[in-house]
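Working notes, structure below.
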Amino acid sequence: MSSFQLNLNPLKEPLGFIKVLEWIASIFAFATCGGFKGKTEILVSCVKEPENKTITAAFGYPFRLNEASFQTPQDVTVCGVDWKKYVLIGDYSSSAQFYVTFAVFVFLYCIAALLLYVGYTNLYRDSRKLTMTDFVITIVVTFLWLVSTSAWAKALTDIKSATGSSIVQELKPCSIQGVMCQFVSVTSMGSLNVSVIFGFLNMILWGGNAWFVYKETSFHSPSNTSTSQGECLHLKP
């Protein structure tokens, strides 16, 4: 195996430059999803208590909403109901964790690929196995970006529904006579929308980069043997 020799020229070419963009985009993908924390609030009033109280349910990554119980101010009982017994509906951890975990693996692969490009340039381009492996991985990653992002986008739609105004109809205490519930607000999910956008952006970047990786394979570049034979035939009188 050849020794490490730093060569930044691949970063000036589409092969390396797009890989840098993929590395950055993967960071935004898992950071905007994995770092989210929010809460939904409901205003509760009843005949027994003239003062309205706000109950909240905090949720975040990995979005196991069925573990997010409602909390009352200073843990006091509101309208004679133990609100801690009631939780949001749904478990979307599988889609969220698949998306974030995959993005982290892509982040690590981009680092390894960039080190190969700039440190072992000749080894990469002279090895049929390395270029072919890189091409196959690129195709697989493109497909998995589509799958993981689509699954996460569907889960995000369900999360918005499960934490929105519809939760008032789902909470059993809100149907008790004398208890009135009013949806107040839910934390903005703009960063989660951005995570979906970056997921599809990653898919586009990897799909576009597949062509430049393909150009490095033996399928696109003729072998040295074929080139030499062609030159000999051309020079033969």
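The values are calculated or read from the model by the stated rules, or taken from the named source; none is laboratory data. Owing to the predicted nature of the structure, the values given are computational and were not obtained by experimental measurement. So basically every Cβ, Gly included, is an ideal-geometry build from the backbone, and we count neighbours across all protein chains shown. Heavy atoms of the whole protein, side chains included, go into the accessibility calculation; ligands, DNA and RNA do not. Shrake-Rupley method; radii C 1.70, N 1.55, O 1.52, S 1.80 Å.
Numerical summary
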item	result
Subset of region 98-121 [open to solvent by 40 Å² or more (accessible area, probe 1.4 Å) and either in contact (Cβ under 8 Å) with a residue 24 or more places away in the chain or over 14 Å from Leu8 (Cβ atoms) (or both)]	Phe98, Thr101, Val104, Phe105, Phe107, Leu108, Tyr109, Ile111, Ala112, Tyr120
All helices (runs of 4 or more DSSP H) inside region 129-237 with 2 or more residues being over 30 Å from Val78 (Cβ atoms) and at pLDDT 85 or above	190-214
Odd one out for Val44, checked against (1) more than 25 Å from Leu88 (Cα to Cα); (2) buried (at least 19 other Cβ atoms within 10 Å of the Cβ)	(1)
Subset of region 178-219 (residues that are surrounded by fewer than 20 Cβ atoms within 10 Å (Cβ to Cβ) and small (Gly, Ala, Ser))	Gly178, Ser185, Ser188, Gly190, Ser191, Gly207, Gly208, Ala210, Ser218
Exclusive hit being more than 21 Å from Phe183 (Cα to Cα), modelled with pLDDT of 95 or more and open to solvent by 10 Å² or more (accessible area, probe 1.4 Å), set Ser26, Ser95	Ser95
